[in-house]
Amino acid sequence: MNLVEKSQKYLWLPFTQMKDYDENPLIIESGKGVKVTDIYGKEYYDAFSSVWLNVHGHQKQELNDAIIAQLERIAHSTLLGMTNVPATELAEKLVHIAPNSLTRVFYSDSGAEAMEIALKMAFQYWQNLGETKKRKFISIKNGYHGDTIGAVSVGAIELFHQVYGPLMFESYKIPVPYVYRHDSGDAALCRDECLNELELLLQEKHEEIAALSIESMMQGAGGMILMPEGYLSGVRELCTKYNVLMIVDEVATGFGRTGKMFACEHEGVEPDLMAAGKGITGGYLPIAVTFATEKIYEAFYADFTEMKTFFHGHSYTGNQLGCAVALENLRLFERDHIVEKVEQHSIYVQSLLEEIKELPHVGDIRQLGFMCGIELVRDKKTKESFPFDRRVGYKTTLKMRELGLLTRPMGDVLVFMPPLVSTKEELKKMLDIYKRAIIDVTTKEAQAIAYP
Ligand SMILES: *Cc1c(COP(=O)(O)O)cnc(C)c1O
């Protein structure tokens, strides 16, 4: 059996209809810089940073060396009741770069777990304070926080989440300010409508609400929905006013992705709890983190007999190899001025995206730093979408694969999230492929629909 046949016989891949995989198998063997190579030697631009993770490119020598150096000391020891050297050093670094309100670091292995932990901390916080009525959550329609049941309960993407409905705890869902799909198309109007709806809910229910969870500035998996100016800070004000904790999900947006170290800095927002992951190790190893305020930490700090301990942990929490590479990643952020570079290069990306926006089937483009979504539509004037069963987004990414570039669509929204070190030349080459693939597929599809 060759490798492809083995993959088709033994594997079950995440978020993948295996029937699709069987028709278009792909096995990556190596990577260097912003490119990855498959088992046949074909190279592809990693235009989605291997699902939103990669920072310094693949095979970054300093990151490789950091792991090897740590490996020669120890690979792993537990964080239950004790700590280790890199987890401790990293905690200090993380607190220094996080928004001021956040002073404590709790490790886990994935973004979903980091959110799960934030939800449990928020819940237990009020229980520990004796405010036992505060048990419910508010979340945002179309939101995504990972795939464990708690994270799914505060998520709201119908396609992914509906089937698990009976397993979830209930949470109040408020609308997201999706300006392109708002009747008025006006950002301020759309924002104020959404904030008003939140305030009405809080007025009525705040006594039973523990926390609100929200992605920071940009909903990712829900289709790259950029929140209008003043929205996230508006949510912060309302949470404070009605005594509800604000959990900000920076798993996708954190670590420089949007041109700030954390996206909530765009609005000067200081969360009560914050989840991060993805870029934390430069895309090398599975580490995630939940940040908390000192006030929340203190509500758990007591004699053991008071039963206020946070009873949560994972086998690999605070893994040394992961923490060591995260530390080196953060050192490179400083040395190479990564955040500033993203901020500068995103202006260039914007100019390239403006050309793409002129294409006849590109309805909307949403960008914050190196986090971009390109929404394809059948009719640009009416904003009518392509029929679901045409799979236009998916077909466009298959075309890009043929042209030597990898990304994943969300419906008909194409994701462009290149590694943060991508040069202008690389960015241009990548977006040229987007342009060619979009023209090729949308022209054919529009014709096929009009003249079946
Ligand atoms: C990817 C993502 C998660 C989940 O992270 P995993 O590491 O895949 O579990 C949570 N929230 C957001 C906003 C994400 O983009």
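The values are calculated or read from the model by the stated rules, or taken from the named source; none is laboratory data. For clarity, every value in this text was computed on a predicted model and none was experimentally measured. As a convention, Cβ positions derive from the backbone with ideal geometry for all residues, glycine included, and neighbour counts pool all protein chains shown.
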**Message:** Quick check on the range 122-142. Is at least one of its residues basic (Lys, Arg), outside any strand (DSSP E or B) and surrounded by fewer than 15 Cβ atoms within 10 Å (Cβ to Cβ)?
**Reply:** yes
**Prompt:** Can you pull out the residues in the range 136-167 that are more than 16 Å from the ligand (Cβ to nearest atom) and more than 17 Å from Ile214 (Cβ to Cβ)?
**Reply:** Glu158, Gln162, Val163, Gly165, Pro166, Leu167
**Prompt:** Consider Thr382 against the criteria (1) in a loop (DSSP other than H, G, I, E, B); (2) within 24 Å of the chain's Cα centre (by Cα): it satisfies all of them except one. Which criterion is unmet?
**Reply:** (2)
**Request:** Taking Val325 as the residue in question, decide whether it is more than 16 Å from the ligand (Cβ to nearest atom) and outside any loop (DSSP other than H, G, I, E, B).
**Result:** no
**Asked** Hey, does the range 64-74 have a residue that's basic (Lys, Arg) and within 27 Å of the chain's Cα centre (by Cα)?
**Response** no
**Complete:** For Glu207, the lone unmet condition from (1) among the acidic types (Asp, Glu); (2) in contact (Cβ under 8 Å) with a residue 40 or more places away in the chain; (3) under 30 Å from His314 (Cβ atoms) is (3)
**Item:** Any chance Val244 is more than 16 Å from the ligand (Cβ to nearest atom) and either in contact (Cβ under 8 Å) with a residue 60 or more places away in the chain or closer than 17 Å to Cys372 by Cβ (or both)
**Value:** yes
**Fill in**
Exactly one of Glu199, Glu270, Glu204 is more than 16 Å from the ligand (Cβ to nearest atom), modelled with pLDDT of 95 or more and assigned to a loop (DSSP other than H, G, I, E, B), and that one is Glu270
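Here is a yes/no grid of residues against (1) without any contact (Cβ under 8 Å) to a residue 60 or more places away in the chain; (2) touching a Phe, Trp or Tyr at 6+ places or on another chain (Cβ under 8 Å):
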site	(1), (2)
Gln8	yes, yes
Trp12	yes, no
Lys32	yes, no
Ser49	no, no
Leu71	no, no
**Item:** Failed item, numbered, when Asn329 is tested on (1) of a type outside the set (A, V, I, L, M, F, W, C); (2) within 22 Å of Thr253 (Cβ to Cβ); (3) free of Cβ contacts under 8 Å to residues at least 24 places away in the same chain
**Value:** (3)
**Prompt:** Restricting attention to the range 327-346, does a residue exist that is within 16 Å of Leu427 (Cβ to Cβ), of a type in the set (A, V, I, L, M, F, W, C) and surrounded by fewer than 20 Cβ atoms within 10 Å (Cβ to Cβ)?
**Reply:** no
**Message:** Just checking, does the range 224-244 include any residue being at positive phi and hydrophobic (A, V, I, L, M, F, W, C)?
**Reply:** yes
**Prompt:** Which members of the range 276-320 meet the condition of being away from the ligand (no atom under 16 Å from the Cβ), part of a helix (DSSP H, G or I) and not hydroxyl-bearing (Ser, Thr, Tyr)?
**Reply:** Glu294, Lys295, Ile296, Glu298, Phe304, Glu306, Gln320
**Prompt:** Out of (1) closer than 29 Å to Ala288 by Cα; (2) not in a helix (DSSP H, G or I), the odd one out for Gly41 is which?
**Reply:** (1)
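Do you know which residues across the range 30-53 are over 30 Å from Glu250 (Cα atoms) and surrounded by 11 or more Cβ atoms within 10 Å (Cβ to Cβ)?
Asp38, Ile39, Lys42, Glu43 - these are the residues of the range 30-53 that are over 30 Å from Glu250 (Cα atoms) and surrounded by 11 or more Cβ atoms within 10 Å (Cβ to Cβ).
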